[in-house]
Amino acid sequence: MKSPNSKSPNFYESVYAVVKKIPKGKVTTYGHIALLLGNPRAARAVGYALNSLKKDRESKIPWQRVINRQGRISFKGDTFRAELQKKILHTEGVFFDLGDDQLDFGKYGWFP
DNA sequence: ATCGTGACGAACG
DNA sequence: CCGTTCGCCACGA
């Protein structure tokens, strides 16, 4: 066994696992992922985990399906990344057509 | 081990 | 309504 006594799996892996479960055409929020992990307050940590994704990993994990509670992309300064995310979601059939770059959670939201 | 940081969220004025 | 502040959690140096 590699790690017989690893009591808690890396938070990152848990986040990735949940993100992978998000069906195409749907999106969820950082806070909800944290909630699924059992830490509704760990939204920041979730964002931190996705930020730690490497390029190689990005192609395996649908990070673009995770947005903030406001129904929009929340990047701080990486506008380039934000535009990319928006573009990918557009390809998957998700549109920010509520105005002001907001999307309708009632239509695209995935909150199991 | 302590400090600072960050793709958040909710509350406050 | 808007902008701002505080709290939350995990990770790296």
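The values are calculated or read from the model by the stated rules, or taken from the named source; none is laboratory data. Not measured: the values here are computed from a predicted model. Quick reminder, even Gly has a Cβ in these numbers, built from the backbone with ideal geometry, and neighbours come from all protein chains shown. Just the protein is used for accessible areas: all its heavy atoms, side chains included, with ligands, DNA and RNA removed. Shrake-Rupley method; radii C 1.70, N 1.55, O 1.52, S 1.80 Å.
Proximity of backbone amide H atoms, modeled 1.01 Å from N, is registered between A:G109 and A:V27 at under 5 Å, excluding neighbours fewer than 5 places apart on the same chain. Placing a label point 7 Å from the Cα of A:R81 along the Cα-to-Cβ direction, the residues of the stretch A:24-47 whose backbone N falls under 11 Å of that point are A:47. Over the stretch A:13-112, accessible surface divided per residue gives 62 Å², non-protein components excluded, 1.4 Å probe. Here the relative contact order of the stretch A:11-106, from alpha carbon pairs under 8 Å that lie six or more residues apart, stands at 28 percent.
Per residue of chain A, the DSSP helices (runs of n ≥ 4 H) give a summed -39500 (n - 2.57) that works out to -11500 deg cm²/dmol at 222 nm. Rg and Dmax of the stretch A:9-90, based on Cα coordinates, read 11.7, 33 Å. Percent of accessible area on chain A owned by carbon and sulfur, 1.4 Å probe? Percent of accessible area from carbon and sulfur atoms in chain A: 49.
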